[in-house]
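The values are calculated or read from the model by the stated rules, or taken from the named source; none is laboratory data. What you see is a predicted model, and the numbers here were worked out from it, not measured in a lab. Positions of Cβ are generated from backbone atoms using ideal geometry, with glycine treated the same way; all protein chains shown enter the neighbour counts. SASA here: full protein model, heavy atoms, side chains in, ligands and nucleic acids out. Shrake-Rupley method; radii C 1.70, N 1.55, O 1.52, S 1.80 Å.
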Protein chains: 2
Amino acid sequence: MNFATLPRGFHFDAFRRISPVNEDSLWDIIFARNAHHITVKRRAPALANLQKIFSATFCLANQRGFGAMNLRDLCRESGLSMGGLYGYLQSKDQLSAMIEDVIRYLCEQLPGWFDHVSDTTDQVEAILRAHIYLSEMLHPWFFFVYLEARTVPTAQRKQAIAAELAIESHLARLLGQESRLSNAQDRLLAAHAMALIQDWHLKRWKYRREKISIDAFADSVIALVRARLTGA
Amino acid sequence: MNFATLPRGFHFDAFRRISPVNEDSLWDIIFARNAHHITVKRRAPALANLQKIFSATFCLANQRGFGAMNLRDLCRESGLSMGGLYGYLQSKDQLSAMIEDVIRYLCEQLPGWFDHVSDTTDQVEAILRAHIYLSEMLHPWFFFVYLEARTVPTAQRKQAIAAELAIESHLARLLGQESRLSNAQDRLLAAHAMALIQDWHLKRWKYRREKISIDAFADSVIALVRARLTGA
DNA sequence: AAATAAACCGAGCATTTGCTCGGTTTTTTG
DNA sequence: CAAAAAACCGAGCAAATGCTCGGTTTATTT
């Protein structure tokens, strides 16, 4: 990991340049994490088709919803046949499960990327920025997970909930080291921070329309959290 | 309207007591706004069945998603028959459209409830509090709208987007009167405020689990926005 | 209480949907 | 280039789904 090279208050371009996970490297991770049930074993066609399948899924599901998308639409949009598709998944539900899984995995990794940052407030800032920037690079993935979390099986949903709570607790603990707020207030501030960063992928249409850049957005979130920490 | 009787920094109980719209009065509004296509004309059974239908819809759709809910499930859960159901709607899609419509209608009304508040920062606070408290009283409605907005027809979705932008612009304008921030920063702060209040109905499970009351939540949101307005 | 109107029921229709599997094409191996 | 393996295709099946409509029950009117 080379996150240590990032300066304080890094912005999107800097993060994107050094991030080991991005729009292109993601297919490798997906392929590895689902190797046990993907019957296609050759790497080259697998990566290409995974890209087709998930791109098509986001194109359809992020518009009408996963439940309203059917597999014939998905075949037309992805260019694969019904049989071809089923070389990569065992059921329609597994498609959403795969998406949910990889995003949760990344979100679990993320806080650890900044363990080296000594100043705790700076560490909070780094985690929040990384989260926002990652959700920008993988926008359709985060958007899907957020709006379709209910469709995955119960066991997996519980994992996802636990993951979200873990990040939040981590943030709350860091905030608690520097703030003059109560524990309860620290937890609430952490929850608010989560809501703010998730707003980037949830309402990207709005920010695009108002020509608000991701860096302006991230700076604003950071300013808000810092104001609460240092303010009256 | 008797919102003028609310004190500064009012809390949930006070709001609930005087609010003309709540869990019980909602059925009247729904019935009135959809009278043209509801074939059941007698008031008493109509209100009772609307309640059954929407309660069942939330029970099913807020768990698995609207697309995954089918009308046979809905009949079983609501106690109505297929034919009976179709006295209240012309298609499955219209069901989500009715929900979307009434919530958008209420959100358009809401800011006007506090035109009488002279101090602009207090007016912002009142609007934010009212939004949070309303989404508490009508939790399943707000939750559904937020997660299923994509399923409604395009024309209606555009109305919904316009409504959200209108509230946000209203907030930004009010914030601009009192803040030392730039216009762009005011707009971002308004957007953040929207994200924070929507977090209440989106993540209510989390706040319930951590035993965070709605008043503690609202106070924390207000504190965060005020800190940004007055702080460094 | 009879007559009229309103509301409700639920089996059945046409279509859609998730998924399979025998056959075909493409790629790799020897 | 021939043989073997891997990948892909898409028609077809069983089940599910949105919706209708003729008949029945319940409520209102006179």
Open item on the list: Filter segment B:36-51 down to the residues that are more than 9 Å from DNA strand C (Cβ to nearest atom) and part of a helix (DSSP H, G or I) and list them by number.
Closed with: B:Leu47, B:Leu50, B:Gln51
Task: Criterion: loosely packed, with under 15 Cβ neighbours inside 10 Å, over 17 Å from A:Asn34 (Cβ atoms) and among the acidic types (Asp, Glu) - qualifying residue of A:Asp119, A:Asp73 - done: A:Asp119
- [ ] Could you tell me which of the residues A:Ala190, A:Ala155, A:Ala162, A:Ala184 is on the phi < 0 side of the Ramachandran plot, open to solvent by less than 20 Å² (accessible area, probe 1.4 Å) and aliphatic (A, V, I, L, M)?
- [x] A:Ala190
TODO: Select, from A:Phe15, A:Phe10, the only residue that is in a helix (DSSP H, G or I) and more than 11 Å from DNA strand D (Cβ to nearest atom).
DONE: A:Phe15
Open item on the list: Quick check on A:Leu60: is it out of contact with any Asp or Glu (no Cβ under 9 Å at 6 or more places or on another chain), of a type outside the set (S, T, N, Q) and either open to solvent by less than 50 Å² (accessible area, probe 1.4 Å) or within 11 Å of DNA strand C (Cβ to nearest atom) (or both)?
Closed with: no
TODO: Keeping to segment A:105-128, report how many residues are in a helix (DSSP H, G or I), out of contact with any Pro (no Cβ under 6 Å at 6 or more places or on another chain) and touching a residue at least 24 places away in the same chain (Cβ under 8 Å).
DONE: 16
Task: Count of residues meeting criterion [over 26 Å from B:Arg208 (Cβ atoms) and either part of a helix (DSSP H, G or I) or more than 7 Å from every other protein chain (Cβ to nearest Cβ) (or both)] in segment A:222-232 - done: 6
Open item on the list: Out of A:Leu106, A:Leu128, A:Leu138, I need the residue that is over 17 Å from A:Phe58 (Cβ atoms) and more than 16 Å from DNA strand D (Cβ to nearest atom). Which one?
Closed with: A:Leu128
TODO: Need at least 3 residues that are more than 10 Å from chain B (Cβ to nearest Cβ) per element, so show me which helices (runs of 4 or more DSSP H) inside segment A:129-221 make the cut, counting only ones lying wholly within it.
DONE: A:139-148, A:154-178, A:183-202
Open item on the list: Just the residues that are small (Gly, Ala, Ser) and touching a residue at least 24 places away in the same chain (Cβ under 8 Å), please, taken from segment B:80-104.
Closed with: B:Gly84, B:Gly87, B:Ser96, B:Ala97
Open item on the list: Being within 14 Å of chain A (Cβ to nearest Cβ), surrounded by 13 or more Cβ atoms within 10 Å (Cβ to Cβ) and within 15 Å of DNA strand C (Cβ to nearest atom): is that true of B:Gly67 here?
Closed with: yes
Task: Enumeration of residues in segment A:79-102 that are more than 13 Å from DNA strand C (Cβ to nearest atom) and either more than 22 Å from A:Lys158 (Cβ to Cβ) or among the aromatic types (Phe, Trp, Tyr) (or both) - done: A:Gly79
Task: segment A:52-64: number of residues that are within 12 Å of DNA strand D (Cβ to nearest atom) and either in contact (Cβ under 8 Å) with a residue 40 or more places away in the chain or within 19 Å of A:Leu147 (Cα to Cα) (or both) - done: 1
Open item on the list: If I filter segment A:80-91 for residues that are open to solvent by 50 Å² or more (accessible area, probe 1.4 Å), polar (S, T, N, Q) and farther than 24 Å from A:Leu134 by Cβ, do I get at least one hit?
Closed with: yes
Task: Candidates B:Ser135, B:Ser81 - the one that is within 30 Å of B:His37 (Cβ to Cβ) and not assigned by TED's automatic domain parsing to the domain that holds B:Tyr207 - done: B:Ser81
